[in-house]
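Data first, discussion second: the structure below is written as structure tokens.
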Amino acid sequence: EKGGYEHFMLKEIHEQPRAYRDTMLSRIGEGSETTLSEIQLTPERIKSIGSIHMVACGTAYHAALVGKAVIERLTRIPVEVDVASEYRYRQPVIKENTLVIAVSQSGETADTLAAMREAKLNGAQVLAITNVVGSSVAREADHVLFTWAGPEIAVASTKAYTSQLIAIYLLALHLSQTLNTTDALARAELIQGLKKLPEQVESMLEDTRQVQRIAQELSGVSDLFFIGRGLDQMVALEASLKLKEISYIHSEAYAAGELKHGSLALIEDGTPVIALATQEHLLEKTISNVKEVKARGGHVIAVALSGNMPIAGTADDVLYVPRTHALLTPALSVVPLQLLAYYTALAKGNDVDKPRNLAKSVTVE
Ligand code: M6R
């Protein structure tokens with residue numbers, strides 16, 4: 001049942017190219033149009049959306065954070081993202097023209113369901129992005145966009161996260177197509193980029209020796225940091241959670257520019273810092289943050305787009321990911337970091353698929 005892999009998590013990491021393809025299938029045509037026929041949002045309704053609230057937990061929350069950036073960029077609709085367990089209690093301003101997007105792999109997360117119910121009670125339309133057909137989230141939502149990642153067994157979510165990203169890109173494209181907020185050329189560029197992702201992930205999965213070597217080194221440390229700017233920060237949060245869940249190593253993720261406002265005090269000789277640097281329009285600033293870390297003795301492992309020379313001269317190690325559209329980098333940069341979490345946990349002899357204290361789907365608030 002593990003298809004020859006030692007763990008479900010590794011199998012699911014390797015299933016990502018297929019999951020990307022399935023999530024895109026029949027939703028992207030030959031040209032640059034997207035068709036999301038299963039969601040019943042009429043053009044009139046889309047044009048009337050005043051704001052979007054995204055609610056989710058854990059990894060799905062991290063996908064929603066990427067979603068905010070992408071949806072705002074393409075549609076200019078303001079997007080707020082809430083951890084689902086907090087949403088109800090802050091008395092959010094929900095109006096009839098608010099679209100609430102719930103993101104959940106299992107579709108059974110109690111916190112997410114409670115947030116959805118709050119939204120409906122206040123007259124908002126709810127759109128669910130979920131992986132499980134027939135799940136509570138799918139049944140209760142007004143519109144459902146399935147992620148088609150296939151069953152995810154490992155507690156640590158991998159292919160569900162990346163297929164949520166794909167679904168979110170498609171949704172953002174779909175909304176912007178109707179709203180005419182992004183020109184056809186820009187949309188076509190994104191779609192070309194999306195179509196290339198499966199092959200690019202395949203190429204990253206071919207040889208994982210460098211990641212395995214770094215994982216060996218990390219398996220002996222007790223604390224580490226992830227930093228990044230823009231979308232890299234969202235991926236840093238996800239990579240940090242992944243590592244914590246299964247390797248039990250303490251880690252924190254920061255906006256790279258925020259480190260110097262306090263946490264830099266924790267960097268000592270040899271402290272590992274994983275610096276995501278795929279957002280090349282922010283590269284100069286990220287590099288100066290990396291230098292701040294290096295000056296305190298930190299050991300920097302960068303994640304950068306292939307051919308990024310400036311980072312090679314600054315970091316101790318670089319994990320390269322294939323070049324893609326700046327908005328799509330999370331769908332690639334997370335992959336080596338999923339593998340890093342996996343191999344680090346493996347090196348520590350942990351139960352990778354069933355980490356301590358955690359359940360696959362959390363059905364209590
Ligand atoms: O099924 P859901 O997507 O609603 O689950 C949300 C979180 O419980 C889940 O993503 C959790 O954080 C994972 N264990 C992360 O790997």
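The values are calculated or read from the model by the stated rules, or taken from the named source; none is laboratory data. What you are looking at is a predicted structure, and each value in this text was computed from that prediction instead of being measured. All Cβ positions, even for glycine, are placed from backbone atoms using ideal geometry, and neighbour counts span all protein chains on display. Just the protein is used for accessible areas: all its heavy atoms, side chains included, with ligands, DNA and RNA removed. Shrake-Rupley method; radii C 1.70, N 1.55, O 1.52, S 1.80 Å.
Things worth noting here:
- Selection within region 23-46 - in contact (Cβ under 8 Å) with a residue 12 or more places away in the chain, out of contact with any Lys or Arg (no Cβ under 8 Å at 6 or more places or on another chain) and either farther than 18 Å from GLY193 by Cβ or not in a helix (DSSP H, G or I) (or both): LEU25, ARG27, GLY31, GLU33, GLU38, ILE39, GLN40, LEU41, PRO43, ARG45, ILE46
- Picking from residues in region 96-121 that are of a type in the set (S, T, N, Q) and away from the ligand (no atom under 16 Å from the Cβ), the one that is most open to solvent (accessible area, probe 1.4 Å) is ASN97.
- Criterion applied to THR363, THR314 was being more than 30 Å from PRO198 (Cβ to Cβ) and within 16 Å of the ligand (Cβ to nearest atom), and the one residue passing it is THR363.
- The set of residues from region 50-86 being part of a helix (DSSP H, G or I), of a type in the set (Ser, Thr, Tyr) and open to solvent by less than 40 Å² (accessible area, probe 1.4 Å) comprises THR59, THR75.
- Selection count where residues are outside any loop (DSSP other than H, G, I, E, B) and within 16 Å of the ligand (Cβ to nearest atom), scope region 213-248: 15
- Among the candidates ASN357, ASN289, the residue that is within 16 Å of the ligand (Cβ to nearest atom) and either open to solvent by 20 Å² or more (accessible area, probe 1.4 Å) or in contact with a Gly (Cβ under 7 Å, 6 or more places away or on another chain) (or both) is uniquely ASN357.
- Within region 43-69, considering residues that are in contact with a Leu (Cβ under 8 Å, 6 or more places away or on another chain) and among the polar types (S, T, N, Q), the one farthest from ARG117 (Cα to Cα): THR59
- For region 152-172, the candidate set comprises residues that are open to solvent by 10 Å² or more (accessible area, probe 1.4 Å) and more than 8 Å from the ligand (Cβ to nearest atom); within that set, the residue that is nearest to TYR61 (Cα to Cα) is GLU152.
- Residues located in region 122-148, provided they are within 11 Å of the ligand (Cβ to nearest atom) and either assigned to a loop (DSSP other than H, G, I, E, B) or buried (at least 23 other Cβ atoms within 10 Å of the Cβ) (or both): ALA128, ILE129, THR130, ASN131, VAL132, SER135, VAL137, THR147
- Candidates GLN200, GLN192: the one that is surrounded by fewer than 22 Cβ atoms within 10 Å (Cβ to Cβ) and in contact with a helix residue (DSSP H, G or I) (Cβ under 9 Å, 6 or more places away or on another chain) is GLN200.
- For VAL93, the test of being within 16 Å of the ligand (Cβ to nearest atom), surrounded by fewer than 20 Cβ atoms within 10 Å (Cβ to Cβ) and of a type outside the set (Gly, Ala, Ser) is failed.
- Every listed requirement among (1) open to solvent by 10 Å² or more (accessible area, probe 1.4 Å); (2) within 16 Å of the ligand (Cβ to nearest atom); (3) aromatic (Phe, Trp, Tyr) is met by TYR320 save one, (2).
- Only listed residue being touching a Lys or Arg at 6+ places or on another chain (Cβ under 7 Å), over 25 Å from LEU283 (Cα atoms) and open to solvent by 40 Å² or more (accessible area, probe 1.4 Å), chosen from GLN216, GLN177, GLN212: GLN177
- Only one of the numbered conditions (1) open to solvent by 20 Å² or more (accessible area, probe 1.4 Å); (2) out of contact with any His (no Cβ under 8 Å at 6 or more places or on another chain) is not met by GLN16, and that is (1).
- Test: residue in region 251-271 that is open to solvent by less than 10 Å² (accessible area, probe 1.4 Å), outside any helix (DSSP H, G or I) and not polar (S, T, N, Q): no
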